[in-house]
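Structure first, then comments.
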Amino acid sequence: MAALKIKDIIINTIIFDFDGTLAKLNIDFKQMRDTVLKLISSYGIERNYLQTDFVLEMINTSREILSKSSPQKAEIFTNKAIKIIEAMEIEAAIHGELFSQTKELFTRLKLSGISTGVITRNCEKAIKIVFPDISSYCEAVVCRDTVKNVKPHPEHLNKTLQMLNSLAENTLMIGDHPLDIQTGRNAGTCTAGVLTGHFSKSDFLNAGADFVLPQAVDILDLVTL
Ligand SMILES: [Mg+2]
């Protein structure tokens, strides 16, 4: 029986981030943030009310502020904001690509009896452009569209574990952003960073990662047959 052990813990489930971990997408988050901030400011909300650099959280906070005076205005704003980010995500997806060994990674994990899931703050449309047959490789794909609180909130990961019938304590979360490590730690999984995004080994270790791999496919080297 194949096994993956991390610090004597048997891992039977691996949850991956998508962008930068399984695929290269090149979303310009700065441009996305600037465009959304322009929209937010056109609704009279000041930047210092937002207290975050993450676009989805900025949209949520702004929606909450607006809904106090007008739920209708809040809904119109949210639709506009989501349209802006979706257009940029889809554009990036059209020019993006899966890392060359991503399909092999899923195929070999399946053969080893390890369940797999993907959690992403990206939209489902974009994921399906880059990886149209993702569902035949990976048992649970949870994009931001189908979860109320996206990662690093543990709900995103916990929902995926429920779909897989897996336990956090036997799960490894792998991602290219310290936020992925935070997500795993919030949900109580083991965590690993990968260097295929914009962060270094020490960024991941500082975030509390159990270990760091050059790229996601390298996890296969730790699976013993
Ligand atoms: Mg990522």
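What the table below lists for this structure:
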quantity	calculated
1 or more residues open to solvent by less than 20 Å² (accessible area, probe 1.4 Å) and within 16 Å of the ligand (Cβ to nearest atom): qualifying strands (runs of 3 or more DSSP E) within segment 1-49	13-16
Residue that is least open to solvent (accessible area, probe 1.4 Å), among those in segment 140-159 that are away from the ligand (no atom under 15 Å from the Cβ) and touching a residue at least 12 places away in the same chain (Cβ under 8 Å)	A140
Test: residue in segment 165-180 that is surrounded by fewer than 23 Cβ atoms within 10 Å (Cβ to Cβ) and within 16 Å of the ligand (Cβ to nearest atom)	yes
Count of residues meeting criterion [under 20 Å from A187 (Cα atoms) and open to solvent by less than 20 Å² (accessible area, probe 1.4 Å)] in segment 123-139	0
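The values are calculated or read from the model by the stated rules, or taken from the named source; none is laboratory data. Remember, it's a predicted structure, so these values are computed and weren't measured experimentally. Here the Cβ is made from the backbone with ideal geometry for all residues, glycine too, and neighbour counts use every protein chain on show. Protein only, heavy atoms only, side chains kept; ligands, DNA and RNA dropped before computing areas. Shrake-Rupley method; radii C 1.70, N 1.55, O 1.52, S 1.80 Å.
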